[in-house]
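A.B. asks: Below you'll find the structure I mean.
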Amino acid sequence: MILMGLLAALWGASYLFIKVALDDLSPVALVWVRTALGALVLAPVALQRGAFAPARRHLGTLAFIAAFQIAGPFLLIAVGEQHISSSLAGILVASAPIWTALLAAGFVPEERLPLAGLAGVAIGIVGVALLLGVDLGGGDALLGGALILVAALGYAIGALVAKRRLADVPPVGLVASIMSLSTLFLLPALPFALPDHAPQLDTVGALIALGAGGTGVSFLIFYTLNAELGPSRASIVAYIAPAFSVTYGVALLDEAFTATTAAGLVLILAGSWLAATKRRFSRSAPFRSTAPAPARVP
């Protein structure tokens, strides 16, 4: 529970840091710095523990996760936050457990959604529709919200693939690898996305906090939880993080928090909880990793 609470606080703050950094940086430059700092924090630890050796055997899968759970979603969230508030972005990302439940039911034969799980998906969708259709209205804000939802889908895909195919890779090796690969993926676009002025001190501070804490340390914690508890239970952090993102956004950025926003938040969180916790397993044994438990965060 301590790791879960720390992860929720760090990830909830990420949307605040993204919003601050976007004042001076383009989404591409922001994400490149974010992943580069995350890799710099984690690579020495991975090297010390010899965690890159097992990761090298799964380079193709790691590249897939780097694209679909890191580089792609990070860019989508950064672009989306150019049009919507940081607190709303944090709420929409909370749809990840709904995506996880749907993907698991469709692609993991051992799992299926009972009526309670299906009801949770429906409730969550109503919450998303409420936010997109009422709170955001339309235009660029609606597009920004849609991009955040696609990013949440990427998070769900990455968590499931990592659980099933990378169970033998220590979390620190996994995260250091996908952060490094994401940095390489974005490097060709970086020269076209550099700012025309020096970033302000608040931007620099936000980038350091986002890259080292909200990216490097956070994803290491997430993949440790993902390996030990499974993707569905690890995604429970999505129920907690929005409370932090809303608190940070309202208190520090003076963002609005309307009755519609509150209703959408409650529906999404309730639906996500039902979808993730009310899934049931078939009579056959569920998928479990036979790999040894990963090392804990230092």
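A.B. asks: Filter the stretch 180-200 down to the residues that are under 26 Å from the mean Cα position of the chain (by Cα), of a type in the set (A, V, I, L, M, F, W, C) and farther than 14 Å from VAL28 by Cα and list them by number.
C.D. replies: Matches in the stretch 180-200: LEU181 only.
A.B. asks: Let me ask something else. Give me the pairs: first residue in the stretch 139-167 and in contact (Cβ under 8 Å) with a residue 24 or more places away in the chain, second residue among the hydrophobic types (A, V, I, L, M, F, W, C) and not in a helix (DSSP H, G or I), beta-carbon distance under 7 Å, and six or more apart or on different chains, which are they?
C.D. replies: Once the first residue is in contact (Cβ under 8 Å) with a residue 24 or more places away in the chain and sits in the stretch 139-167, its partners that are among the hydrophobic types (A, V, I, L, M, F, W, C) and not in a helix (DSSP H, G or I) give ALA141/ILE84; GLY144/ILE84; GLY145/ILE84; GLY145/LEU136; ARG164/PHE287; ALA167/ALA291.
A.B. asks: Which condition from (1) in a helix (DSSP H, G or I); (2) modelled with pLDDT of 95 or more is the one that VAL41 breaks?
C.D. replies: (2)
A.B. asks: I would also like to ask the following. Could you tell me how many of the residues in the stretch 249-272 are within 26 Å of ALA159 (Cα to Cα) and crowded, with 19+ Cβ neighbours inside 10 Å?
C.D. replies: The number of residues fulfilling the criteria is 7.
A.B. asks: Starting from the stretch 1-20, keep only residues that are under 25 Å from HIS83 (Cβ atoms) and touching a residue at least 12 places away in the same chain (Cβ under 8 Å), then list their pairs with residues that are of a type in the set (Ser, Thr, Tyr) and surrounded by fewer than 23 Cβ atoms within 10 Å (Cβ to Cβ) whose Cβ atoms are within a distance under 7 Å, requiring at least 6 positions of separation or different chains.
C.D. replies: GLY12/TYR248; ALA13/TYR248; LEU16/TYR248; VAL20/THR203
A.B. asks: Could you please let me know if VAL246 is at pLDDT 80 or above and among the β-branched types (Val, Ile, Thr)?
C.D. replies: Here the answer is yes, as VAL246 does meet what is asked.
A.B. asks: Let me ask something else. Being over 20 Å from ALA67 (Cα atoms), in contact with a helix residue (DSSP H, G or I) (Cβ under 9 Å, 6 or more places away or on another chain) and β-branched (Val, Ile, Thr), is that true of even one residue in the stretch 179-198?
C.D. replies: No, the stretch 179-198 has no match at all.
A.B. asks: So, restricting to helices (runs of 4 or more DSSP H) that lie completely within the stretch 55-169, which ones have at least 1 residues that are among the basic types (Lys, Arg) and either closer than 24 Å to LEU229 by Cβ or over 12 Å from the mean Cα position of the chain (by Cα) (or both)?
C.D. replies: 139-165
A.B. asks: Go through (1) assigned to a helix (DSSP H, G or I); (2) surrounded by fewer than 24 Cβ atoms within 10 Å (Cβ to Cβ) one by one and return the number of the condition ASP24 breaks.
C.D. replies: Condition not satisfied by ASP24: (1).
A.B. asks: Working carefully through the options THR224, THR183, THR203, find the one that is at pLDDT 90 or above, among the β-branched types (Val, Ile, Thr) and buried (at least 23 other Cβ atoms within 10 Å of the Cβ).
C.D. replies: The match here is THR183.
A.B. asks: Tally up the residues in the stretch 170-191 that are in a helix (DSSP H, G or I), out of contact with any Leu (no Cβ under 7 Å at 6 or more places or on another chain) and touching a residue at least 12 places away in the same chain (Cβ under 8 Å), please.
C.D. replies: 9
A.B. asks: Checking the structure you have, find out if any residue of the stretch 126-138 is under 29 Å from ALA55 (Cα atoms) and crowded, with 16+ Cβ neighbours inside 10 Å.
C.D. replies: No, the conditions are met nowhere in the stretch 126-138.
The values are calculated or read from the model by the stated rules, or taken from the named source; none is laboratory data. Keep in mind the model is a prediction, meaning the values are calculated, not measured. Heads up, the Cβs are rebuilt from the backbone with ideal geometry, glycines too, and the neighbour counts pull from every protein chain shown.
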